[in-house]
Amino acid sequence: NEMIREQRILSNINFNAIYQKAAQSETLEEAIEQLKQYITSILDTEKEAEENAKDSLISAVIAFVQAHYSDVNLSSQMIGDSLALSPRYIMHKFKESTGLSLNEYIVNLRMSKAATLLQNTDYTVNQIIKEIGIENSTYFYKLFKKAYHCTPREFSKRDEEET
């Protein structure tokens, strides 16, 4: 990856432009300063391109998760396969960019969807569990309690009391 990156940077360098700037300089210091400015602008452009690519990757991952959160088979492998990237790479970049692990994001999204369904539908807890892509009800209750500090039933009652 580093070699590919370096080759891409080198291919962006216009050596004629560098030569012309250096030739137009009146002193060696001025020529060196021109070179520094030129190299800095190339590196800044490269860094910006990398940031845009990372942002695009994270946006694609989030969009995929939001579209497939109800799939019980949703995993980093599934996301990697759909984006033609390594699951480990995706997990690393996601954590680096968002501060959350990919699994934490998926769980948070599922719990948020569960809370919304509890508030806005007459679904049973078992229907909601299936709707958000979790197979094990004990696991769901554990996750929900961790997220909202109450059971789904207590959450529903609390919501009814507020309205």
Every residue in region 49-61 that is loosely packed, with under 15 Cβ neighbours inside 10 Å and either among the hydrophobic types (A, V, I, L, M, F, W, C) or in contact with a helix residue (DSSP H, G or I) (Cβ under 9 Å, 6 or more places away or on another chain) (or both), please.
Ala49, Glu50, Ala53, Lys54, Asp55
Among Ile58, Ile62, Ile90, Ile79, which is the only one that is within 13 Å of the chain's Cα centre (by Cα) and modelled with pLDDT of 95 or more?
Ile79
Please go through (1) open to solvent by less than 60 Å² (accessible area, probe 1.4 Å); (2) part of a helix (DSSP H, G or I); (3) among the β-branched types (Val, Ile, Thr) for Thr138 and return the number of the only condition it doesn't satisfy.
(1)
Taking region 112-163 as the search range and keeping residues that are touching a residue at least 40 places away in the same chain (Cβ under 8 Å) and farther than 22 Å from Val72 by Cβ, which one is farthest from the chain's Cα centre (by Cα)?
Asp159
Residue that is least open to solvent (accessible area, probe 1.4 Å), among those in region 88-125 that are over 15 Å from Leu57 (Cα atoms) and β-branched (Val, Ile, Thr)
Ile106
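The values are calculated or read from the model by the stated rules, or taken from the named source; none is laboratory data. Since the structure is predicted, the reported quantities are computational estimates derived from the model, not experimental observations. Neighbour counts are summed over all protein chains in view; Cβ atoms, including those assigned to glycine, are modelled from backbone coordinates with ideal geometry. Ligands, DNA and RNA are stripped out before the accessible areas are found, and what is left, the full protein with its side chains, is counted by its heavy atoms. Shrake-Rupley method; radii C 1.70, N 1.55, O 1.52, S 1.80 Å.
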